[in-house]
1. Past 22 Å, Cα to Cα, is the threshold; run 19/395; 26/366; 3/366; 366/395; 3/26 against it and keep the listed order.
2. Could you give the distance between the Cα centres of the range 151-190 and the range 226-282, to the whole Å?
3. Through the Karplus equation 6.51 cos²θ - 1.76 cosθ + 1.60, θ set to phi - 60°, convert the phi angles of the range 347-362 into ³J(HN,Hα) values in whole Hz; use x for Gly and Pro.
4. Rounded, prolate or oblate for the range 6-179? Axes are the square roots of the Cα gyration tensor eigenvalues, ordered a ≥ b ≥ c, and the cut-off for rounded is a/c under 1.5.
5. Taking a probe of 1.4 Å, how large is the accessible area per residue of the range 6-179, in Å²?
6. Decide, for the chain, between rounded, prolate and oblate: order the square roots of the alpha carbon gyration tensor eigenvalues as a ≥ b ≥ c, take rounded if a/c falls under 1.5, and otherwise choose prolate if a/b is larger than b/c, else oblate.
7. Using R₀ = 51 Å, calculate the FRET efficiency as 1/(1 + (r/R₀)^6) where r is the Cβ-Cβ separation of residue 131 and residue 325; round to 0.05.
8. Compute a Gaussian network model of the chain, connecting alpha carbons closer than 10 Å, and tell me which residue from 20, 281, 401 fluctuates the most.
Amino acid sequence: MLKDKRIVLGVCGGIAAYKAADLVSKLQQAGALVDVILTERATEFVTPLTFAALSHRRVYANLWEPSGEAAARHIELGQSADLLLVAPATANTLARLAQGMADDMLTAVALACPAPLLLAPAMESHMYAHAATQANLRTLVERGATIVPPETGHLASGEVGVGRFPETATLLAYVRRVLGRGGDLAGRRVVVTAGGTQEPLDPVRYIGNRSSGLMGFALAEEARDRGAEVLLIAGATTATEPEPVGIELRRVGTTLELRAAVRAAVREAVVGVDALVMAAAVADYRVEQPAAQKIKKGSAAENADGSLTLRLVTNPDILAELATDERAAGVVRVGFAAETTEVAKNAASKLERKQLDLLVANDVAKAGSGFGTETNEVAIFHRDGRVEQLALLPKAEVAAAIWDRVVPLLRARETRP
Ligand code: C5P
């Protein structure tokens, strides 16, 4: 989604300016066209050459440089931008932006720029907390700017506090979210489930599964990037994903907890949910009576021959229940089928039994597909019997392909009498 997007990046004169170099590099690698503008003070921390080498484009620093190019281009740069990002934004530049000043290239471009404004303030804690800085941030937010909150941690001053420049991955997620506002899921509310459920045997042990959560997280992030408001309900995940930005994340443990969270989200929502994508690997059975204390060898729980019997009972099928639930009517429902045998046959019957709009099936026994991998090879089953076999793709691309098929279903619901 960043490909060919025109991003104007303003870099201010704070010590975090050097970190903006990594941001430019990652944006450029993702295909964005990044025009960097350094404030005069920024050039004392970093050089225009650093940014020109990374962006492969001309860098602007001085509005009044003798060639006149910067002066000539400030309107055009502002007008053609898809996003104006100021990172790091110092207290001084925030004040200048809030006042609508145009005393350098960056602030002049900002006034000429109708694109969304994304600000990543980074400064010493006291400067950040000062009423003047906070008032300036409020003014900018009222005018439509989005703020990436600074992180808490070690500051260049030697103190620990709020004011740190966020990680590049966090900034990229904000960039994607702001650019996605006009996407094909803008105004939609979607619920995605991810990861695996865990069914306790006793306070320390559980029955779980190998779900990494990667597919569900990719689905949630893709929906966010296309403008959706996303609730991600996640069970246990073996992949250590950073907390997703701009997504509401709710953690659950057991299938019953997952069911309660999905039902609350879908049935009791004040504003209706448009789509539910159940990528979570849900336990079909749970231990009927988990032990209150840790089960010990030789304890009364054992059979006479030293074996241990666990009685498992069936868990409710969350998707199947929603199929007949009036309060969930109209929600586009997508299920997953992780199979090891007879994928097509099982998938088709699951689609029917759970009354799904789409079913995404994968053979988890295949190399490069399913649990813990970065890639997935899936087949998408439609209600009308169509089956589309997709190639082995990164999970982010599988996620995009799934939303590509959900969007027309959402539109079709709106036009139905
Ligand atoms: O029938 P099976 O468990 O294989 O179906 C998988 C699909 O159904 C997945 O989308 C999964 O998240 C969902 N599921 C569910 N409730 C269950 C078990 C699975 O909604 N109890």
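The values are calculated or read from the model by the stated rules, or taken from the named source; none is laboratory data. Because the structure is a prediction, the values reported are computed rather than measured. Backbone-built Cβ (ideal geometry, glycine too); neighbour counts: all protein chains shown. These area figures cover heavy atoms from the full protein model, side chains too; ligands, DNA and RNA do not enter into them. Shrake-Rupley method; radii C 1.70, N 1.55, O 1.52, S 1.80 Å.
1. 19/395; 26/366; 3/366
2. 21 Å
3. Those phi angles translate into 5, 4, 6, 5, 4, 5, 4, 8, 6, 8, 7, 9, 10, 9, 10, 9 Hz.
4. Cα axes put the range 6-179 in the rounded bin.
5. Here the residues of the range 6-179 average 43 Å² of exposed surface.
6. prolate
7. The computed FRET efficiency comes out at 0.50.
8. Looking only at 20, 281, 401, the largest GNM fluctuation is found for 401.
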